[in-house]
Each structure stands twice: as structure tokens, then as C-alpha cells.
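We did not get these values from a lab; they are worked out from the coordinates using the rules stated. Not measured: the values here are computed from a predicted model. Note that each Cβ is placed from the backbone with ideal geometry, even for glycine, and that neighbours are counted across all protein chains shown.
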Amino acid sequence: MFSMPRTTRTLILVNVSVFVLQLLTGNLLLALFALWPLHSELFRPWQLITYAFLHDPNNLLHIFFNMFALFMFGRALEDYWGARRMLLFYLVCVLAAGLTQLGVQAASGVQEETIGASGGVFGVLLAFAWYFPRQRLFIIPIPIPLPAWLLVSAYGVIELFLGVTGREQSVAHFAHLGGMLGGALCILYWRTRRRFTY
């Protein structure tokens, strides 16, 4: 754990710490820190960031897969960008995912709160495929390694299909896509400036 770059390590530790706090306090944190629809009395602006540090306390796989992906792919990006740029990118993806989710909720009339780091993680996946497109990755149950660009593109198509068809309604598929879009726009912005200025 402590051999990981600073930002990736900190994000994982904060997520795990908040998850433990959720286990101890039940749903106490949801009202203040989950992302509630705009028309809800519980909505607060800071929830556009804080929702990403909450996970379903009844589903250990929810946080496990998010943190595993952040561990696997965040390290390479942080080594490439540095700690501050990695943190900025992650938060941009989280914000973009949250804004996308609010838009979808407003259009559909959904009343439920949103939690989870998946929007930020999907942005990290996109960035990894962007900068390391030929890196070979294994995914169960496919027995052969696939290039990162193909695997992440497939994830994006699947998320779009599931979102449009309304399958797995308990999963914020459009938020995942929003995280990827936010990540892409962030990278393109950085490229047009030709250098980082943070």
C-alpha cells in the first residue's frame, strides 16, 4: 500500500476510511454527503464531490472493485503526471460524473441518491487507455490479454447500452460515461494548452 504514489494511496485510504465509518454509522452520512437530485430538499453543492467517497455498506464488492481499479491504473497515471495533476484529474472526472447524473435524474424524475467512486474510476480507465493504449490487460473470464484501448472502449459501449436500455437501474451508468467524458475533455484541454500550469 505504502509503495503507491501519494495521491492514489490517499484516495484509496480515504475511501476505505469513509467506508468503515459508514459501517459504524449506518446511513447517517447519506443525507449530507451522497449526491441527491437537484429538486430534493437534501441536495447540497458539495455533494458533487463527496458522493464519490461513499459506497454501499451492504455491498463489499462495490468499494473493492473501485479501489482495485484505482490501485491498478491510478499508479501508472500518477507516475506519468505527478500527484497534483492526478488529483485534479480525478476530481474533474468525479465532478463531471456527478453533473451528468444530476442531468439524467432531472430528465427521468429519479429520486434516489447517488454514491460511489465509479465516475472518477472510469475517468482513470479512459486516461490509462489514452496514454497507454497498447498495454495488455487481462479480464476474467476472457483468457487472452486485450489492449487497453479496446478493453476501455468496450466498457464504454457496454455502459452506454446498459444506460440506454435501462438495465441495472441501481447502477449509474450515465455517471460512468460522464466521468469518461470529463476525463477526455480534461486531457484535451491540457493538450491545447501544450503544458500543465497547475
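Values computed for the structure shown
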read-out	value
Selection from PRO133, VAL121, LEU177 lying farthest towards where the dipole of the range 6-193 points positive, charges on Cβ	PRO133
Packing-based order for 33-44, 94-105, using average beta carbon neighbours within 10 Å, highest first	94-105, 33-44
Karplus-derived 3J(HN,Hα), 6.51/-1.76/1.60, for each residue of the range 129-138, Hz, glycine and proline x	5, 5, 8, 10, x, 9, 4, 7, 10, 9
Loop sites in the range 91-198: trypsin sites (Lys or Arg not before Pro), DSSP, at most 16 other Cβ within 10 Å	ARG134, ARG167, ARG194, ARG195
Cα gyration tensor shape for the chain, rounded if a/c is under 1.5, else prolate or oblate	rounded
Degrees, to the nearest 10: 60-81 long Cα axis against longest axis of the chain	40 degrees
Degrees between helix 6-25 axis and first principal axis of the chain (Cα, 0 to 90, nearest 10)	20 degrees
Expected 222 nm ellipticity per residue - DSSP helices of 4 or more, -39500 (n - 2.57), all of the chain, to 500	-21500 deg cm²/dmol
Simple label model, 7 Å out from Cα along Cβ direction - ASN27 to PHE64, nm	2.5 nm
Simple label model, 7 Å out from Cα along Cβ direction - GLU168 to ALA184, nm	1.9 nm
Sequence-separation-based contact order of the range 6-193, relative, with Cα cut under 8 Å and 6+ spacing, percent	25 percent
